[in-house]
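Reviewing the structure listed below.
The values are calculated or read from the model by the stated rules, or taken from the named source; none is laboratory data. These numbers come from a predicted model, not from an experiment. Here the Cβ positions follow ideal geometry from the backbone for every residue, glycine too, while neighbour counts run over all protein chains shown.
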Amino acid sequence: MSQPLQIGPHPVDPPVVLAPMAGITNAPFRTLCREFSGGRGLFVSEMITTRALVERNAKTMRLVHFDDSEKPRSIQLYGVDPETVGRAARMIAEENLADHIDLNFGCPVPKVTRRGGGSALPYKRPLLRAILRSAVGNAGGLPVTMKMRKGIDDDHLTYLDAGRIAVDEGVTAIALHGRTAAQHYGGEADWSAIARLKETVPEIPVLGNGDIWSADDALRMVRETGCDGVVVGRGCLGRPWLFADLAAAFDGRGPEAYTRPSLREVAEVMLRHARLLGEWQEDEARGVIDFRKHVAWYTKGFTVGSEARRALATAGSLDELATLLDGVDLDQPWPLGADGPRGRTSGRNRVVLPDGWLDDPNATACVDADAELATSGG
Ligand SMILES: Cc1cc2nc3c(=O)[nH]c(=O)nc-3n(C[C@H](O)[C@H](O)[C@H](O)COP(=O)(O)O)c2cc1C
């Protein structure tokens, strides 16, 4: 890495970004990750659809909530219509809702790509350009970054063209997930694509994303690709202390400084995570219910037993969660092998697209607004 990572006016040191993850990277989870990192790094919100934002949908307005400790505040937007994206960017700037806007072009979900949204969109170069121009032009000087995949499939790669267009339009940095939409989450992320993007857009920072499961993976990605920073997603699911390891690694404090929590320490983090979710939702039970999806990730590799795991994942209150955790053997050390892959890992091989979508990448296109009805982000 030649120089420290800078996102507009914001230094990001260590050059580590929490990947936006729908349903996961809300204020409570970001707070946990940030605490473990010692407040260092960039922590991006879950994806916010532009239409819901400009319509001030109540649930969406909760998603744009940041804890007071969050600086800079990063919002990820997803939109398919240049005008609506511009209105959303202007609203963020004028109402001081965030300090940085990231645009999501990586969603591979069929109900989104079928309409030309998500990772299908960059194939239509003029539409991508119009969205980026509108976002940058309306963001009132806030840095605008974009996050994308390599393309639709190996025969329809878009990331290098998209990178050049992004530079033309004043985008501040680009994050690349080294998979195509067709790969979904299967196979291995192609880090060589990150290196190629860096060569193609030397003017702005390139952030590498895909399959960072440990702090050493992050260092290796930087070494192998020349990227300016890393974006970490699934590796921190049920493991927010990975951000402590990442900070240590980039500080040059090697594996001996890495966090290896016992199950007792993990249980404390679990309870805190569930409590924060309840406070955020102003409803303890809803927080605990929202926390259920995290149970399997936190307990991965520990000997908990399927019955206890099931009970933990159906708990209805913090007291119940605490009692259930007390009932398992908490004196277990961090299990060997629990540092590996977690979260979605499956692939797909066909991307559903609108009829004729691939005919002409340079044709003017517009995308049905229902392509914003994404539920699962990336
Ligand atoms: C549950 C989940 C939700 C996601 N939501 C989003 C999202 O809202 N926006 C986005 O750009 N990417 C999203 N992604 C993709 C991640 O940001 C990231 O690009 C991907 O997981 C690859 O990185 P990783 O190998 O570190 O997990 C999501 C991924 C997962 C697993």
Study note, to complete from the structure: Screening Trp357, Trp280 for residues that are within 30 Å of Arg125 (Cβ to Cβ) and crowded, with 19+ Cβ neighbours inside 10 Å leaves only Trp357
Check your understanding: For region 43-59, does any single residue satisfy the condition of being under 26 Å from Ile165 (Cβ atoms), of a type in the set (D, E, K, R) and either within 16 Å of the ligand (Cβ to nearest atom) or assigned to a loop (DSSP other than H, G, I, E, B) (or both)?
Key -> yes
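So that you can scan it fast, the table gives a plain yes or no per residue for (1) in contact with a strand residue (DSSP E or B) (Cβ under 6 Å, 6 or more places away or on another chain); (2) closer than 19 Å to Arg286 by Cα:
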residue: Gly23; (1), (2): no, yes
residue: Ser45; (1), (2): yes, no
residue: Ile48; (1), (2): yes, no
residue: Lys59; (1), (2): no, yes
residue: Leu63; (1), (2): yes, yes
residue: Pro72; (1), (2): yes, no
Check your understanding: Can you tell which of Asp190, Asp211 is under 27 Å from Arg114 (Cα atoms) and within 11 Å of the ligand (Cβ to nearest atom)?
Key -> Asp211
Practice item. Of all residues in region 82-98, count the ones that are crowded, with 21+ Cβ neighbours inside 10 Å and either in a loop (DSSP other than H, G, I, E, B) or modelled with pLDDT under 95 (or both). Key: 1
Practice item. Could you please let me know if Glu70 is assigned to a helix (DSSP H, G or I), without any contact (Cβ under 8 Å) to a residue 60 or more places away in the chain and either out of contact with any Phe, Trp or Tyr (no Cβ under 9 Å at 6 or more places or on another chain) or closer than 15 Å to Ser45 by Cα (or both)? Key: no
Review point. Pick from region 214-236 the residues that are within 12 Å of Asp339 (Cβ to Cβ) and not charged (D, E, K, R): which of them is nearest to the ligand (Cβ to nearest atom)?
Key: Gly235
**Study point:** Filter result (on the phi > 0 side of the Ramachandran plot and either acidic (Asp, Glu) or surrounded by fewer than 24 Cβ atoms within 10 Å (Cβ to Cβ) (or both)) within region 142-180
**Key:** Gly170
Check your understanding: assigned to a helix (DSSP H, G or I), of a type in the set (A, V, I, L, M, F, W, C) and under 30 Å from Asp68 (Cβ atoms), is that true of Ala296?
Key -> no
**Study point:** Yes/no for Thr25 being within 30 Å of Tyr258 (Cβ to Cβ) and more than 16 Å from the ligand (Cβ to nearest atom)
**Key:** no
**Study point:** Identity of the residue in region 181-197, among the aliphatic types (A, V, I, L, M) and touching a Lys or Arg at 6+ places or on another chain (Cβ under 8 Å), that ends up surrounded by the most Cβ atoms within 10 Å (Cβ to Cβ)
**Key:** Ala181
Review point. Polar (S, T, N, Q) and away from the ligand (no atom under 16 Å from the Cβ), is that true of Ser69?
Key: yes
Review point. From Leu77, Leu32, which residue is within 13 Å of the ligand (Cβ to nearest atom) and modelled with pLDDT of 95 or more?
Key: Leu77
**Study point:** Unique residue being in contact with a helix residue (DSSP H, G or I) (Cβ under 8 Å, 6 or more places away or on another chain) and more than 16 Å from the ligand (Cβ to nearest atom) when the list is Val352, Val295
**Key:** Val352
Exercise for review: Please identify the pairs in which a residue from region 271-291 that is touching a residue at least 12 places away in the same chain (Cβ under 8 Å) and outside any helix (DSSP H, G or I) has its Cβ atom under 7 Å from the Cβ atom of a residue that is of a type in the set (D, E, K, R) and surrounded by fewer than 18 Cβ atoms within 10 Å (Cβ to Cβ), counting only partners at least 6 apart or on another chain.
Suggested key: none
Check your understanding: How many residues are within 16 Å of the ligand (Cβ to nearest atom), in contact with a strand residue (DSSP E or B) (Cβ under 8 Å, 6 or more places away or on another chain) and among the β-branched types (Val, Ile, Thr) when one looks only at region 80-114?
Key -> 2
Practice item. Identify, from the list Ala371, Ala308, the residue that is within 16 Å of the ligand (Cβ to nearest atom) and assigned to a helix (DSSP H, G or I). Key: Ala371
Review point. Quick check, is Ala215 within 18 Å of Ser37 (Cβ to Cβ), of a type outside the set (S, T, N, Q) and touching a residue at least 40 places away in the same chain (Cβ under 8 Å)?
Key: yes
